[in-house]
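These notes are about the structure you will find just below.
The values are calculated or read from the model by the stated rules, or taken from the named source; none is laboratory data. Quantities reported herein were computed from a predicted structural model and do not represent experimental measurements. Here the Cβ positions follow ideal geometry from the backbone for every residue, glycine too, while neighbour counts run over all protein chains shown.
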Amino acid sequence: MATCVFCDIVGGRAPARTVYRDDHVVGFLDIRPVTRGHTLLIPREHSSGLADLDPDMGGRLFAAGQRVAAAMKSGALGADGVNLVVNDGRAAFQTVFHTHLHVVPRHNGDKLSFAKGLVVRRDPDPDQTAELLRVALEPDHR
């Protein structure tokens with residue numbers, strides 16, 4: 001396997017604004033967010049796409065997605081909804097070939113078009129955004 005930036009993030013060899021971690025999954029802010037708080041969840045063990053993703057790991061990834069989505073709705077980000085997206089393969093716009101689940105907070109009336117969002121992707125304060133999500137994910141927050 002060639003060098004994988006997501007494996008480097010899991011191994012602490014590459015920087016990331018981590019917002020979630022457990023024994024199987026790591027979550028961090030997307031460096032080019034579609035919306036503020038856009039988080040990527042990845043399995044700690046490398047999987048290049050859905051074809052080689054263990055189904056149990058897929059369940060763990062989705063469960064982490066549910067938890068992060070709930071934090072986006074209940075915390076300071078105040079999301080009204082959430083998109084969960086897996087891009088599987090180059091034709092589906094997968095650019096990093098380590099399976100990952102996008103958790104994208106949405107707000108009523110945001111008029112987000114994913115095609116447009118893929119072009120203009122900025123967060124004015126990603127450190128603050130990461131902290132807001134970490135706080136919302138704390139067990140006593142709910």
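So which strands (runs of 3 or more DSSP E) are wholly in the stretch 25-110 and hold at least 1 residues that are surrounded by fewer than 21 Cβ atoms within 10 Å (Cβ to Cβ) and of a type in the set (Lys, Arg)?
101-106
Scanning the stretch 1-23 for residues that are more than 15 Å from the chain's Cα centre (by Cα) and farther than 21 Å from Val68 by Cα gives Met1, Ala2, Thr3, Cys4, Asp8, Gly11, Gly12, Arg13, Ala14. So is Gly75 of a type outside the set (A, V, I, L, M), in contact (Cβ under 8 Å) with a residue 60 or more places away in the chain and on the phi > 0 side of the Ramachandran plot or not? Considered against the rule, which asks whether it is of a type outside the set (A, V, I, L, M), in contact (Cβ under 8 Å) with a residue 60 or more places away in the chain and on the phi > 0 side of the Ramachandran plot, Gly75 comes out as no. Taken over the stretch 1-24, residues that are in a loop (DSSP other than H, G, I, E, B), surrounded by fewer than 17 Cβ atoms within 10 Å (Cβ to Cβ) and of a type in the set (A, V, I, L, M, F, W, C) amount to 3.
Of all the criteria given as (1) of a type in the set (Ser, Thr, Tyr); (2) at pLDDT 95 or above; (3) farther than 10 Å from Leu101 by Cβ, the one not satisfied by Thr35 is (2).
A count restricted to the stretch 22-65 and to residues that are of a type in the set (S, T, N, Q) and under 19 Å from Ala130 (Cα atoms) stands at 2.
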